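Scroll down for the structure; my scribbles are underneath it.
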Amino acid sequence: MADVIIKNGTVITGSGKSAFKADVVIDGEWIESIEKAPVAASNGAKIIDARGKVVCPGIIDSHSHADLTVHMPNQAELLAPLVTQGITTFIGGNCGMGMAPITDRFYPELQMYLEGFTARPLDGNVTWRSMNGFMEHIENNGALLNMALLAPHGLIRIDAMGMAPRVATLDEKRRMDRTLEECMDAGCIGMSTGLQYMPGLQSDTRELIHLGKVIKKYDGIYVSHLRTYMNALDKAVNELVAVSRRNDIRGQISHIFWVPDMGVIGPLVRFFARRMIELSHQFVLPLKMDTEIEKCANRIGKLRRRGIQIGMDVMPTTTTFTHLLAYFPPWVIEGSKEAVAARLLSKRVRRQMRRDIEFGQMVWPHTGRNSWSLNLFKLLGWESTRIMSVVTEKNRKYEGMRIADIAAEQGKHPFEAMCDMLVDEEGRILVFSSLGEPEDRFTEQSIYAALSSPDVSISTDTILMGMGKPSHLFYGAYPKFFSRYVREMRMLNLETAVHKVTGLPASHFGLSKRGFIRPGYHADVLIFDPETIAPNVDFNNPIGHPSGIEHVFINGRHVVDNGEFQKDVVAGQLIRNSA
């Protein structure tokens with residue numbers, strides 16, 4: 001019996017194949033049928049006229065940190081911007097980071113690791129310990145969106161050996177095996193690594209291949225925030241491919257981007273680029289800036305055609321965001337919060353930190369004292385970074401400001417201003433970084449190859465914590481993708497664009513009966529107007545409501561009706577690994 005009949009729409013199934021006119025019938029949480037002949041109204045069925053609109057699967061965000069928020073009592077309010085832009089499912093547990101397992105072994109190190117990113121105290125906010133306990137908490141309390149989780153390598157490694165700056169012993173690898181198995185048994189769909197962050201950057205390829213054997217047992221996926229996105233990008237990709245091929249498992253490169261280390265001529269290159277960024281308000285000097293990413297995307301395409309299942313995702317932005325301590329030498333964040341605070345307070349240790357930042361050599365495999373690859377202050381300059389969020393009222397006025405401007409206001413060097421603020425905030429600062437003005441048209445050219453590739457999905461890297469200055473992607477990533485890159489720039493056709501955000505991630509991440517408009521599939525359905533879809537947000541005004549997103553169904557429940565978010569409809573499901 002039909003509950004909803006979507007009539008007269010242009011159906012794009014998510015497969016990449018041509019659109020067609022049809023009626024879509026929803027029965028309960030399932031798609032009952034797709035009918036090219038008109039469907040007669042049935043008793044009690046809700047009729048939606050989708051004439052002139054696209055009817056497609058709900059969007060699957062292949063790289064998100066919404067799992068850091070989904071356990072909160074107000075998660076439906078915090079995550080609403082995802083649903084209102086058409087997202088029905090997200091993949092969480094990325095970058096080696098997650099909300100489980102939370103173990104007592106090396107708890108101070110784990111607490112420092114998580115609180116620096118979530119900006120929330122663990123004590124009092126976490127009532128579980130195991131991954132299964134976290135999943136049960138979600139199922140018992142409800143989730144706004146569908147969610148699949150990756151087992152976070154960072155937490156698994158901390159449980160085995162704390163923040164030790166070395167390779168793992170065989171016994172420590174075996175402990176990681178057991179913890180990873182527990183996560184996979186609970187229902188994780190794979191494992192993620194954050195190899196630019198401590199403690200992941202201290203792992204070696206042998207450790208990752210070793211853990212891949214556990215992933216293989218569950219037909220899982222290996223997802224990696226790579227060891228570098230700089231000059232050795234090819235080596236970082238090789239590492240992921242090695243883990244995937246040696247274990248015959250799927251692999252995924254997270255949020256691809258490329259920032260070259262220009263060495264001694266770096267300041268001169270930055271000066272030229274910033275001048276081009278300033279001029280991009282009037283005109284854009286067309287330069288081939290996406291060569292490295294294009295090579296990577298082409299390689300992925302060739303591997304996929306040979307049956308080697310490697311994927312990749314990209315954010316439609318050139319502005320990165322993460323926690324501020326990630327830009328510091330890795331040894332700074334070893335140990336507890338108290339140990340980190342003591343280092344930040346010490347003038348002698350501060351001098352060591354600054355020397356490592358200014359004179360560090362970002363050399364493969366980036367495991368040395370001052371060779372980490374997220375040394376963005378050296379790559380992009382002190383003026384590259386802005387405050388995204390803080391936790392104290394004292395520093396709230398600085399949210400959105402460049403650290404260089406904060407330092408000038410305080411009469412300090414930017415490094416000293418950062419250290420003082422980190423002490424105030426107990427390390428809980430999130431930041432944005434960009435070469436010049438965020439979202440400029442000049443550096444945008446560096447991501448064209450990934451945006452246009454049919455083998456690369458689109459992601460948000462969502463960090464919605466209910467504080468600070470959010471990224472505009474959290475409110476309008478997909479409307480931006482469809483309006484700018486599909487409708488305006490015509491980089492790819494509508495069918496391919498829909499495939500990149502639905503069927504492609506669903507198939508690659510193994511999400512059963514999702515990501516396509518097909519009978520017998522979950523009724524995760526999006527209806528949007530391809531002529532009016534727009535994000536209505538930007539970096540400086542990140543909070544807003546997109547246009548053109550007319551209806552969203554999650555598991556057959558109407559969560560966006562005529563553009564209005566239905567705040568009391570919590571329809572998401574936890575997607576567990578069926579293996």
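The values are calculated or read from the model by the stated rules, or taken from the named source; none is laboratory data. Just so it is clear, the structure is predicted and the values come from calculations on it, not from any experiment. We place every Cβ from the backbone using ideal geometry, glycine too, and count neighbours over all the protein chains shown. The accessibility values were calculated without ligands, DNA or RNA, using every heavy atom of the protein model including side chains. Shrake-Rupley method; radii C 1.70, N 1.55, O 1.52, S 1.80 Å.
Of note:
- Residue in the stretch 517-533 that is part of a helix (DSSP H, G or I) and either touching a residue at least 40 places away in the same chain (Cβ under 8 Å) or in contact with a Pro (Cβ under 9 Å, 6 or more places away or on another chain) (or both) present: no
Here's the yes/no breakdown for (1) outside any helix (DSSP H, G or I); (2) of a type outside the set (S, T, N, Q); (3) surrounded by 20 or more Cβ atoms within 10 Å (Cβ to Cβ):
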| site | (1), (2), (3) |
| --- | --- |
| I138 | no, yes, yes |
| L155 | no, yes, yes |
| R174 | no, yes, no |
| C183 | no, yes, yes |
| Y197 | yes, yes, yes |
| L211 | no, yes, yes |
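- Yes/no for N231 being part of a helix (DSSP H, G or I) and either in contact with a strand residue (DSSP E or B) (Cβ under 8 Å, 6 or more places away or on another chain) or open to solvent by 20 Å² or more (accessible area, probe 1.4 Å) (or both): no
- Residues of the stretch 310-330 that are farther than 14 Å from V456 by Cβ, in a loop (DSSP other than H, G, I, E, B) and open to solvent by 10 Å² or more (accessible area, probe 1.4 Å): T317, T318.
- Scanning the stretch 274-306 for residues that are at pLDDT 90 or above and among the hydroxyl-bearing types (S, T, Y) turns up just one, T291.
- Screening the candidates V423, V431 for the property of being open to solvent by 40 Å² or more (accessible area, probe 1.4 Å), modelled with pLDDT of 95 or more and among the β-branched types (V, I, T) yields one hit, V423.
- Verdict on D104 being open to solvent by 40 Å² or more (accessible area, probe 1.4 Å) and farther than 30 Å from G194 by Cα: no
- Output for the stretch 248-291, where each listed residue is aromatic (F, W, Y) and more than 28 Å from V363 (Cα to Cα): F283
- Pair list, Cβ under 9 Å, 6 or more apart: the stretch 71-84 residue surrounded by 19 or more Cβ atoms within 10 Å (Cβ to Cβ), other residue part of a helix (DSSP H, G or I) and among the polar types (S, T, N, Q): Q75/N141
- The number of residues in the stretch 234-275 being out of contact with any Phe, Trp or Tyr (no Cβ under 7 Å at 6 or more places or on another chain), surrounded by fewer than 17 Cβ atoms within 10 Å (Cβ to Cβ) and not hydrophobic (A, V, I, L, M, F, W, C) comes to 11.
- The stretch 175-189 - residue that is under 22 Å from the mean Cα position of the chain (by Cα) and of a type in the set (A, V, I, L, M) and, of those, farthest from A100 (Cα to Cα): I189
- Some residue of the stretch 544-559 being in a strand (DSSP E or B) and over 30 Å from K469 (Cα atoms): yes
- Identity of the residue in the stretch 378-403, among the basic types (K, R) and assigned to a helix (DSSP H, G or I), that ends up least open to solvent (accessible area, probe 1.4 Å): K378
- Residue check, S507 within 19 Å of F90 (Cβ to Cβ), open to solvent by 10 Å² or more (accessible area, probe 1.4 Å) and among the hydroxyl-bearing types (S, T, Y): yes
- Matching option when the condition is touching a Phe, Trp or Tyr at 6+ places or on another chain (Cβ under 6 Å) and polar (S, T, N, Q), among T84, T69, T103: T84
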